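Computed from the coordinates by the stated procedures, all read-outs in this text should not be read as laboratory data. This is a predicted model, so every value here is computed, not measured. Cβ placement follows ideal geometry from the backbone for every residue including glycine, while neighbour counts extend to all protein chains displayed.
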Amino acid sequence: MKFTDNKYNMIQEILEKTEAEIEKMKPVNILIAGKTGVGKSTLINNVFREKLADTGIGKPVTTHLRQISKEGIPIVLYDTRGLELDPSVQKKVKDEIFDLVKQNKNTKEALHAVYYCIQANSSRIEETEIDLIKKISSVLPVILVLTQSIGKSAEDFNRYLDNLNLPVAAVQNIMAEPYEITDDYVIPPFGLKELIDKTLQLIPKEAHDAFMNAQHADIERKAKAARRWASRYVATTFGVGFAPIPFSDASVLIPMQVTLLAHITAIFGISMDKATIVSLLAAVGGTGSATMIGKTLVANAFKFIPGAGTIIGGIISGTTASIVTSALGLSYIEVLSIIATKEKEGESIDLGLIERLVRNQFKKNITLNRKELKSKDLEFGSDEALKDAYNTYESMEEESHSVSVPKKIKRALSKFAENHKPFNKK
């Protein structure tokens, strides 16, 4: 940690620890195969964050393979370029894939899985393509991804492929983006969450954290993973044997809470900046010295814990510290879920509303008043907690948008006049 005049910047600490957590992740490596025009880029941009196909660096590694990666995202994709039905081309692609698998085996660049993309509407698969899929499947687990899966023909094609008994791990229909039928009827995206689930079943467990960070198709799964980790961390850190601490020394909680928030941020893998984290922390504690944050956070928490007011100025028990820290973690996860969703949809967030939401969720989570913290108490039995956070934020947005421009102008003029009274003529 960096200290300056007995203080340290909690915000910078969270950012640095988040970066360190991501660097520790074992990267996940996936091959994206399929003919030109089947929607590979669309799939990549909708499964992985920051529109990786468009913004990532594409580096040629062979004649027909290019590597797509981006700093800060622990995933490397290998895209087959120009894969057509010409047998000679397919042989070259197959040879390059096999060479890549052999070359990277037992290294951190080792390939973990393959998405072989076929356009569902084509309702056909050539013998040369079947042969290529079989050969790739002999060295890597393959998921057949049926892109643009609209209507009954896509379902029929899925069944047809199943009946071929190809040596693949799964066949998954997807619609990566909304499909507009008419102005009034749009088919929403589907199949991406199932693709995430099937991928996690195939890749090594040590690569799960990296894949979770990189994907943004299933925000709820990120939240569940974060809560599972937070529950174990809080229960372990503030166990039964945790020594009680004086309220005046509440700042000792901060290093533990920094670690908690940094790990959660790493799981979500969203573009957090200092301004956003300042707003999140200001809602429940503050952003000054560690001592001030610790005292303020605990003091705010005591307002909501029944019977805890008598502890102020006295001793903070391990259980009370657990409640405060778990409430902070849960609130942080719920709000990051909304930020991640907005980022995925290309929408900006209102930091003022986010700050209000953190305060709202923190107050709600602190009143759970768990007498004994257990891991299972913090895990999602359903997505109700997230839905509640989403609904609360949407209500805040609607309330904010309901204020008409004339009213805003009127308020601004009134405030200006109030601030400049000494200059008014008598």
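Quick rundown of the values:
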{"item": "Ordering of 16-23, 175-182, 142-149, 329-336 by burial proxy (mean other Cβ atoms within 10 Å per residue, highest first)", "result": "329-336, 142-149, 16-23, 175-182"}
{"item": "Cα Rg, Dmax, the range 98-150, angstrom units", "result": "13.2, 40"}
{"item": "Size-normalised alpha-carbon gyration radius of the range 27-203, reference 2.2 N^0.38 Å", "result": "1.00"}
{"item": "Positive dipole terminus of the range 27-203, leading residue within Tyr116, Ile187, Val61 (C-beta point charges)", "result": "Val61"}
{"item": "Evaluated at q = 0.18, 0.25 Å⁻¹: base-10 log I(q)/I(0), Debye formula over Cα of the range 126-174", "result": "-0.55, -0.98"}
